[in-house]
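Student: Sharing a structure below in structure tokens format, with a few things to ask.
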Amino acid sequence: MSATAATAERFDNHWSYAEEVEVLTFDLNGETFALEAVIVQEILDLLPETAVPGSQPFVASVINFRGKVIPLADLRLAFGMEAAEATIDSRIIVIEIDLQGEQTLVGLRTDKVNEVTTLAKSASEAPPSIGMRWRADYINCLVKRGGEFIILPNLQAIFSSRHKAAGAAS
């Protein structure tokens, strides 16, 4: 399957169940991203982090979430952005996603959490195959709202490729 066909398939699958999707929007490096609200477990103020020696920079620490140790991911690094210092608006979004057939809790560091909103399929499009500064397979789709685009990341691709890279490095 070509990269363009794979992107189109991901895009179609993302909207296969509804004409609209409820999302939580958040900011990273001045860009607006969104996650499906159904995977969001909680939004937290920043918590103490414990560094994990030898881990990938993208998931270099863990946090204690309700007595469970969960990985803390920095999507900035996955998208090739520079790491940033925390601000008063920084938050952690705890999500639950299926990784390799197992429901997994993951914390995502964000610059700012915005709102829960509804996005329409009619305003969405697959990421362009050229001209993107990020890997196209890391993006499910772009949704135009007002004069801006909201980016829906492909968490499966991001975490799968990072997991494979970590496995290959060991």
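Student: Just the residues that are touching an Asp or Glu at 6+ places or on another chain (Cβ under 8 Å), surrounded by 18 or more Cβ atoms within 10 Å (Cβ to Cβ) and among the hydroxyl-bearing types (Ser, Thr, Tyr), please, taken from the stretch 109-124.
Tutor: If the condition is that a residue be touching an Asp or Glu at 6+ places or on another chain (Cβ under 8 Å), surrounded by 18 or more Cβ atoms within 10 Å (Cβ to Cβ) and among the hydroxyl-bearing types (Ser, Thr, Tyr), then 110 is the only one that fits.
Student: At pLDDT 95 or above, surrounded by 14 or more Cβ atoms within 10 Å (Cβ to Cβ) and of a type in the set (Gly, Ala, Ser): is that true of residue 60 in this structure?
Tutor: no
Student: How many residues does the stretch 45-94 hold that are under 13 Å from the mean Cα position of the chain (by Cα) and more than 13 Å from residue 158 (Cβ to Cβ)?
Tutor: 4
Student: Does the stretch 137-156 hold any residues that are hydrophobic (A, V, I, L, M, F, W, C) and either open to solvent by less than 30 Å² (accessible area, probe 1.4 Å) or in a loop (DSSP other than H, G, I, E, B) (or both), and which are they?
Tutor: Passing the criteria: 139, 141, 142, 143, 150, 151, 152, 155.
Student: Looking at the stretch 90-108, which of the residues that are under 16 Å from residue 29 (Cβ atoms) and either in contact (Cβ under 8 Å) with a residue 60 or more places away in the chain or of a type in the set (A, V, I, L, M, F, W, C) (or both) is surrounded by the fewest Cβ atoms within 10 Å (Cβ to Cβ)?
Tutor: Among residues in the stretch 90-108 that are under 16 Å from residue 29 (Cβ atoms) and either in contact (Cβ under 8 Å) with a residue 60 or more places away in the chain or of a type in the set (A, V, I, L, M, F, W, C) (or both), the one surrounded by the fewest Cβ atoms within 10 Å (Cβ to Cβ) is 91.
The values are calculated or read from the model by the stated rules, or taken from the named source; none is laboratory data. Just so it is clear, the model here is predicted, and its values are computed rather than measured. When we count neighbours, we look across all protein chains shown, and the Cβ atoms used for this are built from the backbone with ideal geometry, even at glycine. The protein model used for the area step is the full one, side chains on, heavy atoms only, and it has no ligands, DNA or RNA in it. Shrake-Rupley method; radii C 1.70, N 1.55, O 1.52, S 1.80 Å.
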